[in-house]
Amino acid sequence: MGMINLVFLDKFFNMINTLRFLDIIDIAIVAVCIYKLYMMIKETRAEQLVKGLVIIFIFVKISDSLKLYTVNWVLENMMTALAIMIIVVFQPELRKILETIGRSNILTKSFADIRGEKVDKCVEEIVHAVFSLSRQKIGALIIFERSTGLGDVVETGTVLNSAISSELLINIFIPNTPLHDGAVVIKNDTIKAAACFLPLSTEQSISKELGTRHRAAIGMSEKSDCLALIVSEETGGISIAEHGKINRYVDEPTLTKILTKLYNDQDSYIFNRKEIEDER
């Protein structure tokens, strides 16, 4: 036993002596990637599957060491089948992970070219429209595109590519008009499309008093880094959804501040991502 320990220690110190600075960086990069990947799948269906794969992988190595050839063959083929199953069954989770990885503020800035008076004008027009709709208890749903492209959502509606104006926003959501049923997508200072269809959130903890419009806003905010603005047709209350969370009963000064930050600084969020992860 003592001889085995000495051999192990000798190998360990030899490894330490031959360790390069680049090896440390290499290990650190892999460790960070594994950690980030785990945080993405934490408390999802994929987390349980990954745990199962790790257990099977351990048994594969054990069966190989013990020369249990039949067991090893079965387990290795099982892992191959599971790899295919992951792609088919967990396509939504994989897509979400890839979208998260693809959100890079270096590559794209949704509001980078809008500054100063132009920001004030856009915010003023949106706030005026939203509170006019609120007073009339007319339902509305507005999605603000950030770094995650929403081209697939725009394609489900009617493309407008119009300048932002309170009159246009109000007219879009007037009941029984052609474009009132669905969401408006805004990118930069442009209303990209209206009457767009959004995915509904499947989160069970959402309050039962929130209707389809609110669930669609939360669902969209779960699948992208957008900010969703909702006006309730029942109460006239104004809400904001982001990162799968919703902030209800937003007043005019608060909404003005939020939208101004949105246009001036794309990285300003109502809900902090780390706080959301800790809460979950």
*The listed residue being outside the structural domain of Lys36 (by the TED database), at pLDDT 85 or above and part of a loop (DSSP other than H, G, I, E, B), out of Lys137, Lys121*: Lys137
_I'm trying to understand the selection: among the residues of region 235-280, which are open to solvent by 10 Å² or more (accessible area, probe 1.4 Å), acidic (Asp, Glu) and at pLDDT 90 or above?_
Asp251, Glu252
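A quick yes/no check of all residues on (1) under 16 Å from Gly219 (Cα atoms); (2) of a type in the set (S, T, N, Q):
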site: Val130; (1), (2): no, no
site: Gln136; (1), (2): no, yes
site: Leu141; (1), (2): yes, no
site: Glu145; (1), (2): yes, no
site: Val153; (1), (2): yes, no
site: Thr158; (1), (2): no, yes
site: Ser165; (1), (2): no, yes
*Test Lys208 against the criterion of being among the basic types (Lys, Arg) and either open to solvent by 60 Å² or more (accessible area, probe 1.4 Å) or closer than 14 Å to Glu145 by Cα (or both), and give yes or no.*
yes
*Members of region 140-149 that are outside any loop (DSSP other than H, G, I, E, B) and either closer than 13 Å to Lys187 by Cα or not assigned by the TED database to the domain that holds Asp189 (or both)*: Ile142, Ile143, Phe144
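Just to be sure, is Ala194 at negative phi and buried (at least 18 other Cβ atoms within 10 Å of the Cβ)?
For Ala194, the condition - at negative phi and buried (at least 18 other Cβ atoms within 10 Å of the Cβ) - is met.
The values are calculated or read from the model by the stated rules, or taken from the named source; none is laboratory data. For clarity, every value in this text was computed on a predicted model and none was experimentally measured. Because the Cβ atoms are built from the backbone with ideal geometry, glycine has one as well, and the counts that use them run over all protein chains shown. When the accessible area is computed, the model is the full protein with side chains, heavy atoms only, and any ligands, DNA or RNA have been set aside. Shrake-Rupley method; radii C 1.70, N 1.55, O 1.52, S 1.80 Å.
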